[in-house]
Amino acid sequence: MRARATLLVLLPLIAAVPACGPVPVAQAEASCLRDAELAARPRGSVTMGVGAGRGGFTGGFGRVEVDISSDYVAGRDPSDVFNRCVVRRSGQIPTRPLYDQPGWRG
C-alpha cells in the first residue's frame, strides 16, 4: 500500500520532467520574440471609462499597465537577447536573425 501511495505522489513529477527539456527551435524563436520586443522598448496600455449605476451615480475607472524588462533597463541589444533566449530554450542557434523573423516589429 505504501509503495502505491509513493507511486501516486511521484507520477506527476515524473510526467513533468520531459516538459523541462529543450523545445523545437521554431517554437523557441516564436516565444523569444516577446523578450526581444521588450528589450527594444517598454510596452504598455491605458484603459479608462465611465459607468452609470443605480440612482444616477456616475463613476470613472482607469487602469495603466507597463511591461519593462531588465534587458531594456540594462540597454541590451534586442538581437542578442533573442539569440540567447533561443539557445537557452532550444539548445540551438536561431535559424534566422531576429530582424528576419516573421512578426518582428522592431
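The values are calculated or read from the model by the stated rules, or taken from the named source; none is laboratory data. The shown structure was predicted, so the numbers you read here are calculated from the model rather than taken from an experiment. The accessibility values were calculated without ligands, DNA or RNA, using every heavy atom of the protein model including side chains. Shrake-Rupley method; radii C 1.70, N 1.55, O 1.52, S 1.80 Å.
Given that compact globular proteins tend to follow 2.2 N^0.38 Å, what is the ratio of the alpha-carbon Rg of segment 35-106 to that value? Walk me through the numbers before you get to the answer.
Details: Rg = 19.4 Å, N = 72, 2.2 N^0.38 = 11.2 Å.
Here the answer is 1.74, to two decimals.
Segment 46-86 has equivalent-ellipsoid semi-axes of 44, 9, 6 Å, by the square roots of 5 times the alpha carbon gyration tensor eigenvalues, sorted largest first.
Go through E65, E37 and list them by solvent-accessible area, largest first, probe radius 1.4 Å.
Values: E65 90, E37 15 Å².
From most accessible down to least: E65, E37.
Taken one residue at a time, the phi angles of segment 62-78 give Karplus couplings (6.51, -1.76, 1.60, θ = phi - 60°) of x, 8, 10, 10, 9, 10, 10, 8, 5, 5, 5, 4, 7, x, 6, 5, x Hz. Gly and Pro are set to x.
Out of the total accessible area of segment 46-96 (probe 1.4 Å, heavy atoms of protein only), what percent is carbon and sulfur?
Numbers: 2060 of 3940 Å².
Percent of accessible area from carbon and sulfur atoms in segment 46-96: 52.
To the nearest 10, the accessible area of I93 is 130 Å² with a 1.4 Å probe.
Solvent exposure of Y72, expressed as accessible area, is near 90 Å², computed with a probe of 1.4 Å over the protein chains only.
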